[in-house]
Amino acid sequence: MQTSSRKSDHLRINLEEDVSSSRTTGLENLHFIHQALPEIDLDALDLTQTLFGKQLRTPILVSSMTGGTPEAAAINRTLAQAAQETGIALGLGSQRAAIEDPTQAYSFQVRQYAPDILLFANLGAIQLNYGYSLDQCRKAVEIAGADGLILHLNPLQEALQPEGDTRFGGLLQKIEAVCRGLDAPVIVKEVGWGISYETARKLASAGVAAIDVAGAGGTSWSQVEMFRSDDDVHRKVAAAFRDWGIPTADSIRLVTKAAPHIPIIGSGGIRNGVEIAKCIALGASLGGLAGPFLKAASVSREAAVELVGELRDELRVAMFACGAANLSQLKETPLLDISPNPDRE
């Protein structure tokens with residue numbers, strides 16, 4: 001199956017089917033300590049964040065989703081316009097389709113709609129074991145006019161795809177070579193099953209500029225692959241992994257401990273600004289969302305802008321109510337953990 005056809009399947013399934021993980025993010029067990037006397041003014045709160053030389057008005061990333069199809073081109077354009085209007089960051093979906101077929105490049109070329117945003121190109125890291133090199137990574141950044149490159153890790157998804165690429169041996173060394181050779185920051189992310197302590201240590205040693213945990217609790221790509229399949233055995237195998245992965249809260253904790261000096265993006269099942277606040281309190285610099293933005297962008301630019309406004313206001317009120325005047329203070333704000341085993345890590 002061509003990459004563009006697979007991407008069309010992914011887009012359709014995400015919009016039409018229940019592809020949520022049966023795990024939770026773990027953020028539901030974490031609570032801020034309410035401050036009845038915050039000693040700050042709500043209007044004076046500072047939500048700005050500078051990352052890779054770009055200032056964000058709100059610490060939100062539209063997480064990587066799609067590209068390589070006409071429908072994806074429209075969605076990416078809408079998301080870029082919304083990101084430009086609201087001052088948030090945008091990650092593009094995998095650009096493999098555009099590398100394989102240059103006629104698909106237009107679906108990722110959104111810089112004209114968003115000249116000022118922090119924009120990330122995207123490729124599957126596994127393609128470095130299937131003939132891709134620094135040249136293709138540079139091409140992805142060039143196509144998008146991006147500020148950095150996301151390399152995504154998705155071993156479980158690849159294992160569940162009949163056409164999956166599963167030769168992951170020796171991949172770390174090739175990621176390291178890209179980090180050394182690319183004239184742009186390299187961010188490594190999962191796609192919904194989280195980054196472990198061990199993996200974060202390896203990535204930090206390889207020189208990655210940031211890590212996006214993309215933990216369990218949001219979209220389950222095993223469910224997406226289940227819906228793609230028309231083979232009963234394959235569907236059963238894929239369905240068995242609906243509860244797989246490291247919950248988002250746990251993954252942020254683990255990555256913060258393993259790589260304390262690397263910016264972290266907290267994503268995976270994030271649904272509101274309070275959860276973004278929790279991610280930042282755990283150590284993240286940004287909160288990333290995919291599914292909610294996909295659904296909003298499929299409606300209109302206005303719907304995507306409205307979603308950003310809701311998330312921003314929720315984040316602001318959470319900061320106000322726990323007495324954090326800016327994101328640096330929010331990072332130092334304690335959280336109460338009411339989970340059965342609060343010392344999991």
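Values quoted throughout were computed directly from the atomic coordinates according to the rules given, and no laboratory measurement underlies them. These figures come from a predicted structure and were not determined experimentally. Reconstructed Cβ throughout: ideal geometry from the backbone, glycine too, with neighbour counts over all protein chains shown.
Listed values, structure above:
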read-out	value
Alpha-carbon Debye profile of the chain, log10 I(q)/I(0) at 0.06, 0.15 Å⁻¹	-0.19, -1.31
Under-5 Å amide H pairs with Asn122, H placed in peptide plane, nonlocal only	Gln95, Ile150
Three-way shape call for the range 69-220 based on the alpha-carbon gyration tensor, with the a/c threshold at 1.5	rounded
Virtual spin-label span in nm between Gln55 and Asp135, 7 Å along Cα→Cβ	4.1
Distant alpha-carbon pairs in the range 183-316 (separation over 26 angstrom), percent	31
Cα gyration tensor category, rounded, prolate or oblate, for the range 194-270 with a/c compared to 1.5	prolate
The range 27-88: trypsin sites (Lys or Arg not before Pro) falling in loop per DSSP and having at most 16 other Cβ within 10 Å	Arg57
Distance between the range 179-239 and the range 251-282 - C-alpha centres, whole angstrom	15
Value of [θ]222 nm, deg cm²/dmol, for the chain, DSSP H segments ≥ 4, -39500 (n - 2.57) each, nearest 500	-12500 deg cm²/dmol
FRET efficiency estimate (nearest 0.05) - Cβ-Cβ, Arg201 to Asp43, R0 51 angstrom	0.75
Phi to ³J(HN,Hα) by Karplus 6.51 cos²θ - 1.76 cosθ + 1.60 over the range 109-115, Hz, x for Gly, Pro	8, 10, 4, 4, 8, 9, x
Quotient of C-alpha Rg and 2.2 N^0.38 Å, computed over the range 290-345	1.56
Fraction of beta bridges assigned by DSSP in the range 3-337 that are antiparallel (%, nearest 5)	20
